[in-house]
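Have a look at the structure below before the remarks.
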Amino acid sequence: MEMRAVYAQCLAEMMEKDKHVVVLDADLSKASGTRNLYERFPGQMFDCGVAEANMASIAAGLSSYGFKPWIESFTPFATRRICDQIAISIVYAKQNVKVVGTDPGISAELNGGTHMSMEDIGVLRSIPGMVIFEPVDEVQLRAAMPVLDAYKGCVYMRLFRKVQPVIFPEDYKFDLFKADLLKEGSDLSIFVSGMMTKDVLDASELLKEQGISAEIINVHTIKPIDRETVIASARKTGAVLTVENHNVIGGLHSAVVEALAEEKIPSVAVGVPDRFGEVGKMPYLRQIMGLTVENVVEQAKKAVSLK
């Protein structure tokens, strides 16, 4: 299923059980996958129009009255456009609001640079108390949604809208604050988030053919990062590669190297160079941004060579 369809299904289940769960969108319910919820839950769905800052403020107000708002928009408009409202009206005021940004990074494709947020994690990661989560597949998303609903505080979810390859088994157990070990290895630790996870698994098979054993860890929660798992794996292998659909500044790579600052372990990054996005389809954007299996292999070998 498309990730947005899974997201909408989970919201429907939560709204059915709890009338305090409400959803606010910025005239993007079709894009977010929640349009049909307006018919089922007319008293729990609110279209705020193309006015994300107002949407965030309304959500903060609803939260102060005991509601559990979810707000949704395209990633740049759910983060950098409303950073102050998230920081002050929601997080500083200790409100219980979930923020969902759709089409992160290059997945915005033909919407181009204005809608292609490469810096959304970096924008929000510096806000005290923020939780930042990026699901990998529909299994993880289904497992995560009730956990996010139960969490008291602000969570930003970075949601790829379309179909994602299934990585996790159906009996997967989700822990919001614990990274997931996908594959054990001895020569290199690869920390990966979001849509790049399948690419890293494919790259690990090519690395294996070249005699490199890669340990793969999905870091679904970038803040607070699971420092214990990151440090333990890096100490074990002695080399680190981070892979993300985000600017190499401010996101997963920054979080990992901050955790490893005192470890003196070489770290290499695969991510978007420090630049804006552009119009293009996914294969083209992957090539120009270096988000390919081939580049993961190349940079993994570089990381191992630095040991």
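The values are calculated or read from the model by the stated rules, or taken from the named source; none is laboratory data. Please read these numbers as outputs of a predicted model, since none were measured by experiment. Methodologically, a virtual Cβ is constructed for each residue, glycine included, from the backbone with ideal geometry; neighbour enumeration extends over all protein chains shown.
What residue, of K94, K98, is touching a Phe, Trp or Tyr at 6+ places or on another chain (Cβ under 8 Å) and of a type in the set (K, R)?
After applying the criteria, what remains is K98.
Restricting attention to the stretch 60-74, does a residue exist that is among the polar types (S, T, N, Q) and either free of Cβ contacts under 8 Å to residues at least 24 places away in the same chain or closer than 21 Å to G122 by Cα (or both)? Spell out how you get there, then give the answer.
Keep residues of the stretch 60-74 that are among the polar types (S, T, N, Q), which gives 63-64, 73.
Subsequent filtering for residues that are either free of Cβ contacts under 8 Å to residues at least 24 places away in the same chain or closer than 21 Å to G122 by Cα (or both) retains 73.
Yes, the stretch 60-74 has at least one match.
Which numbered condition trips up H220, out of (1) without any contact (Cβ under 8 Å) to a residue 60 or more places away in the chain; (2) of a type outside the set (V, I, T); (3) outside the structural domain of V22 (by TED's automatic domain parsing)?
The failed condition is (1).
Select from the stretch 107-119 the residues that are under 22 Å from T34 (Cα atoms) and in a helix (DSSP H, G or I) and list them in ascending order. If you could, list the steps in order and put the result at the bottom.
Initially, the stretch 107-119 is screened for residues under 22 Å from T34 (Cα atoms), giving 107-111, 115-117.
Answer for the stretch 107-119, where residues must be under 22 Å from T34 (Cα atoms) and in a helix (DSSP H, G or I): S107, A108, E109, L110, N111, H115.
Which residues, taken from the stretch 25-59, are closer than 17 Å to I82 by Cα and crowded, with 23+ Cβ neighbours inside 10 Å?
Residues of the stretch 25-59 that are closer than 17 Å to I82 by Cα, as a first pass: 25-28, 47-59.
Listed by number, the residues that qualify are D25, A26, E52, M55, A56, A59.
Across the stretch 62-75, what is the number of residues that are surrounded by 15 or more Cβ atoms within 10 Å (Cβ to Cβ) and over 20 Å from N111 (Cβ atoms)? Write out each step before concluding.
Within the stretch 62-75, the first condition is being surrounded by 15 or more Cβ atoms within 10 Å (Cβ to Cβ), and the residues that meet it are 62-63, 67-75.
The next check asks that each one be over 20 Å from N111 (Cβ atoms); those that pass are 62-63, 67-70.
Residues meeting the conditions: 6.
Of all residues in the stretch 168-180, count the ones that are buried (at least 19 other Cβ atoms within 10 Å of the Cβ) and assigned to a loop (DSSP other than H, G, I, E, B). Spell out the reasoning first.
In the first step, residues of the stretch 168-180 are kept if they are buried (at least 19 other Cβ atoms within 10 Å of the Cβ); the result is 168, 174, 179-180.
Going one step further and asking which of them are assigned to a loop (DSSP other than H, G, I, E, B), we end up with 168, 174, 179.
Residues meeting the conditions: 3.
Okay, residues lined up against (1) surrounded by 21 or more Cβ atoms within 10 Å (Cβ to Cβ); (2) assigned by TED's automatic domain parsing to the domain that holds Y7:
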site	(1), (2)
I127	no, yes
G153	no, yes
V166	no, no
D187	no, no
S193	yes, no
T197	yes, no
I212	no, no
I225	yes, no
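Where in the stretch 181-251 are there strands (runs of 3 or more DSSP E), lying wholly inside it, with at least 1 residues that are basic (K, R)? Spell out how you get there, then give the answer.
Values: elements: 188-192, 214-218, 221-223, 240-247.
Result: 221-223.
Conditions: (1) touching a Ser or Thr at 6+ places or on another chain (Cβ under 8 Å); (2) among the hydroxyl-bearing types (S, T, Y); (3) assigned by TED's automatic domain parsing to the domain that holds C10. S233 meets all but one. Number of the miss?
It is condition (3) that S233 fails.
One line per residue, one yes/no per condition, for (1) closer than 21 Å to V256 by Cα; (2) among the hydroxyl-bearing types (S, T, Y); (3) free of Cβ contacts under 8 Å to residues at least 24 places away in the same chain; (4) touching a helix residue (DSSP H, G or I) at 6+ places or on another chain (Cβ under 7 Å):
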{"residue": "K152", "(1), (2), (3), (4)": "no, no, no, no"}
{"residue": "V155", "(1), (2), (3), (4)": "yes, no, no, yes"}
{"residue": "F168", "(1), (2), (3), (4)": "no, no, no, yes"}
{"residue": "A179", "(1), (2), (3), (4)": "yes, no, no, yes"}
{"residue": "M195", "(1), (2), (3), (4)": "yes, no, no, yes"}
{"residue": "V200", "(1), (2), (3), (4)": "yes, no, no, yes"}
{"residue": "L206", "(1), (2), (3), (4)": "no, no, no, yes"}
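Find the residue count for the stretch 205-237, including only residues that are of a type in the set (G, A, S) and touching a strand residue (DSSP E or B) at 6+ places or on another chain (Cβ under 8 Å). Quick ask: steps written out before the conclusion?
From the stretch 205-237, those of a type in the set (G, A, S) are 211, 213-214, 232-234; that's our starting set.
Within this subset, residues satisfying the condition of being touching a strand residue (DSSP E or B) at 6+ places or on another chain (Cβ under 8 Å) are 213-214, 233-234.
So the count comes out to 4.
Which residue pairs have Cβ atoms closer than 6 Å, lie 6 or more positions apart in sequence or on different chains, and pair a first residue in the stretch 282-307 that is without any contact (Cβ under 8 Å) to a residue 60 or more places away in the chain with a second residue that is of a type in the set (G, A, S) and surrounded by 16 or more Cβ atoms within 10 Å (Cβ to Cβ)?
none
Could you count how many residues in the stretch 122-148 are outside any loop (DSSP other than H, G, I, E, B), under 22 Å from Y92 (Cβ atoms) and either of a type in the set (K, R) or out of contact with any Ser or Thr (no Cβ under 8 Å at 6 or more places or on another chain) (or both)?
Residues of the stretch 122-148 that are outside any loop (DSSP other than H, G, I, E, B), as a first pass: 122-125, 131-133, 138-148.
Filter once more, so that each one left must be under 22 Å from Y92 (Cβ atoms): 122-125, 131-133, 148.
With the extra rule that they be either of a type in the set (K, R) or out of contact with any Ser or Thr (no Cβ under 8 Å at 6 or more places or on another chain) (or both), the set shrinks to 125, 148.
The total comes to 2.
Name the pairs whose Cβ atoms lie under 7 Å apart, with the first residue in the stretch 243-254 and in contact (Cβ under 8 Å) with a residue 60 or more places away in the chain, the second among the charged types (D, E, K, R), and 6 or more positions between them or separate chains?
What qualifies is N247/E119; N247/D274; I249/D274; G250/E119; G250/R125; G251/E244; L252/E244.
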